[in-house]
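This report refers to the structure that appears directly beneath it.
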Amino acid sequence: MSPREAILSAVRKNLPRPAVPLPEVPGSERKGIKHGLGYKEHLTRLPEVPGAPDVNEPLLPYFRRQLEAMGGRSFEVADAAAARAKVAELFPDANVVCSAVSEVPGTRRIQDVRDPHELNDVDVGVVRSPLGVAEAGAVWLTQAELVVNALGVLSQHLVVLLDPAAVVETMHDAYERIDLASSPYGVFLAGPSATGDIEGVIIHGAQGARSLTVLLLAPAARKDPR
Amino acid sequence: MTRPVDPERRAAGFIALELHESTHDRLVWGMRQNRDKAVAGVPEWEELREMASRIKEHTLTHLDHYLEQFEKSATKLRTHVHWARDAEEHNAVVYDVLNAHRVKSLIKSKSMLQEECGMTPYLQQRGIEVTESDLGERIQQLSDEPPSHIVVPAIHKLRTDVAALFAEKIGTDPKDSDPHALAEAMRQNARPRFLKADAGMTGANFAVAETGGFVVCTNEGNADIGASVPPLHIASIGIEKLIPRGRDLGIFIRMLSRSALGTPITQYTSHFHGPRRGGELHVVLVDNTRSDRLGSPDFWHALKCIRCGACMNTCPVYRRGGGLSYGATYSGPIGVILDPGFDLSKYRELPFHSSLCGSCTDVCPVKIDISDQIYKWRRVVAAKGLLSFAKRVGMSALGKTLAHPPLYHSAEAVGEWALEHLPRFLLYNPLNPWGKHRELPAVPRQTFRQWYIENRRKP
Ligand code: SF4
């Protein structure tokens, strides 16, 4: 018997009984759920929850606060020129800025990179995220945006453009909006690389990016007043 | 019969080191406190726990179906799916793939399953250089020790220990024990290894049957480096890691890091579905006693574990004795209920390395009945005749007393008198390692029974 057959038949023989039905989980429609598992619904139910956000706080400030708690930072920028200026201001000594976005061209286009090892000298990587998650302070990045996935981890610093309108509330909402199987790689990135492995002291820049900066800027097409 | 691991003796060694016990206790308890704060910010926590538990129970009661579904969807994405019955088969499959790609050096991120399989020594004996990419794991690798905690592997070490280790192994200044400097030194040391590696290996926190992919959660981003820089990525996945649907991840991701460290999510929550552009992806689905456990009505629920470490952080015994005292791959309360399933004789003492306070069960995000299982393992150990001499003596006296109410009541009164009057050495005798480093609480003036009789008889 092949290992596959042996494992499957051992599993079948030992399946615990009775079988447990699959529960419905919350999604954007929140079907079959008593009440939505989002923080706002709950906070109207529960007046005093320590550490929870203000019920009237809009999503964007909540997202920015959570991102900061994870060690990241965010800035509002008016347009592409302001985004370029911000990158120049934040990283005055950067030699190599490798970019996957048209708003901030940088010194190297990620589309010209063939092998991830070529990214070893990147000081700043720039990429656009299609989705932010407020409760986690996280941005979603896939191979479609990164082009070469290693851009997210080999760059010393990472700058992520995010449409402020593309922020959802919880991880449930986020998973409703993404199609996992459509990209070989997808990451929720919440702040920079971090470690607490030596006496629990939080250090940013463990192995991946040393800093994460989110620039809040709608994509050019979306700015069209139509 | 294997010689049993002696957790009390090993814990005593840790406690005897200056500062280690108190620092460890403070750090680990700090993680528990952060967990409490994070959980308080999620009013629907109990509903999430219930759903997480039921999703895992559903998957485990239909595991054959979900394994086949995972294999089918993963294969469609051009992922190579391998199966391994045990540790030896797992290591052989991994070696074959590495060998076929002529891999000389590999970087790996933390995987408890690869620890369980003893993979690193197996590959090193066959000439492959293996580098741990997680800082804590690397510290443990350089120390030639297993991880002492499933989330923070070197939490039992002081910064001065790490400074001495790095000075010896990677040439840092032995007097500089600033954690920032130490972490930076390792970043500089590790980077060239990441770039020259021919393959990256990871574990998986979750494997999604519907989508055919898997999820790895790290704070350092080291799994992402292993998966995105070298051309070959191999992931080892225990068959209990499956969940049915992509949207089930919302529940587990919301709970995992809150339970572990008290952050809403790990810095990196990475999803892998098929090989990256220009790369190759293999997964090895590993049984290694999991299908046996599935058939055990008392113990199959332990397969729901998502390895958050909350039960360790809250455990008074773990906090004091440290993770290495368990002498096994898994430590803390989850280790106590997993390890005997691998080798009952060797780990027969572990179920007694617990106060049965039940705090682990309270914090477990997937509602595993951990403390009940610890108690049930004690019964298994006793039924198999594996109790140590000291426990047999103590327990048979206890058994006789408990079985005989008048004797119990007089023993209670005698015990009370003894607590006040007997010399300490009778209580803290060598047959009772639990008495060491521990003082008994002040004795109440009445026993509970005396109080009960007095108060209930009063009209
Ligand atoms: S048993 Fe529960 S609390 Fe312990 S590591 Fe597993 S999931 Fe976490």
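Points to keep in mind about this one:
- Against the list (1) of a type in the set (Gly, Ala, Ser); (2) in contact with a helix residue (DSSP H, G or I) (Cβ under 7 Å, 6 or more places away or on another chain); (3) modelled with pLDDT of 95 or more, the condition B:SER257 fails is (2).
- Close pairs (8 angstrom Cβ cut-off, 6 or more residues apart or separate chains): without any contact (Cβ under 8 Å) to a residue 40 or more places away in the chain in the stretch B:30-46, of a type in the set (D, E, K, R) and open to solvent by 20 Å² or more (accessible area, probe 1.4 Å) anywhere: B:PRO43/A:ARG45
- Test: residue in the stretch B:248-260 that is open to solvent by 30 Å² or more (accessible area, probe 1.4 Å) and basic (Lys, Arg): no
- B:ILE15, sole failed condition from (1) surrounded by fewer than 20 Cβ atoms within 10 Å (Cβ to Cβ); (2) of a type in the set (A, V, I, L, M); (3) assigned to a loop (DSSP other than H, G, I, E, B): (3)
- Entry remark, the stretch B:26-70: residues being within 18 Å of B:ASP362 (Cα to Cα), β-branched (Val, Ile, Thr) and surrounded by fewer than 21 Cβ atoms within 10 Å (Cβ to Cβ) number 0 in total.
- Residue within the stretch B:75-84 that is closer than 22 Å to B:VAL283 by Cβ, β-branched (Val, Ile, Thr) and touching a Pro at 6+ places or on another chain (Cβ under 8 Å) present: yes
- Within the stretch B:106-170, helices (runs of 4 or more DSSP H) holding 3 or more residues that are hydrophobic (A, V, I, L, M, F, W, C) and surrounded by 22 or more Cβ atoms within 10 Å (Cβ to Cβ): B:159-170
- B:ASP224 vs. criteria without any contact (Cβ under 8 Å) to a residue 40 or more places away in the chain and either out of contact with any strand residue (DSSP E or B) (no Cβ under 9 Å at 6 or more places or on another chain) or closer than 26 Å to A:TRP140 by Cα (or both): no
- Filtered by the rule that a residue be over 27 Å from B:LEU281 (Cα atoms) and in contact with a helix residue (DSSP H, G or I) (Cβ under 7 Å, 6 or more places away or on another chain), the stretch A:132-160 gives A:GLY132, A:VAL133, A:ALA134, A:GLU135, A:ALA136, A:GLY137, A:VAL159.
- When restricted to residues that are β-branched (Val, Ile, Thr) and open to solvent by 10 Å² or more (accessible area, probe 1.4 Å), the stretch B:193-215 contains 1.
- Verdict on B:ALA183 being in a helix (DSSP H, G or I) and either open to solvent by 20 Å² or more (accessible area, probe 1.4 Å) or modelled with pLDDT of 95 or more (or both): yes
- Subset of the stretch A:87-110 that is in a loop (DSSP other than H, G, I, E, B) and closer than 30 Å to B:SER257 by Cβ - its residue that is farthest from the chain's Cα centre (by Cα): A:PHE91
- The set of residues from the stretch B:297-316 being open to solvent by less than 30 Å² (accessible area, probe 1.4 Å), free of Cβ contacts under 8 Å to residues at least 60 places away in the same chain and away from the ligand (no atom under 12 Å from the Cβ) is empty.
- Being within 16 Å of the ligand (Cβ to nearest atom) and not small (Gly, Ala, Ser) is a condition met by at least one residue of the stretch B:277-296.
- Among the residues making up the stretch B:268-283, those that are of a type outside the set (Val, Ile, Thr), facing another protein chain (nearest Cβ under 8 Å) and open to solvent by less than 20 Å² (accessible area, probe 1.4 Å) are B:TYR268, B:SER270, B:HIS271, B:PHE272, B:HIS273, B:GLY274, B:PRO275, B:LEU281.
- Odd one out for B:ARG348, checked against (1) more than 14 Å from every other protein chain (Cβ to nearest Cβ); (2) open to solvent by 40 Å² or more (accessible area, probe 1.4 Å); (3) more than 15 Å from the ligand (Cβ to nearest atom): (2)
The values are calculated or read from the model by the stated rules, or taken from the named source; none is laboratory data. If you're wondering where the values come from, they're calculated on a predicted model, not measured in any experiment. Note: ideal-geometry Cβ built from the backbone for every residue, glycine included; neighbour counts use all protein chains shown. Surface areas here come from the heavy atoms of the whole protein model, side chains and all, with no ligands, DNA or RNA. Shrake-Rupley method; radii C 1.70, N 1.55, O 1.52, S 1.80 Å.
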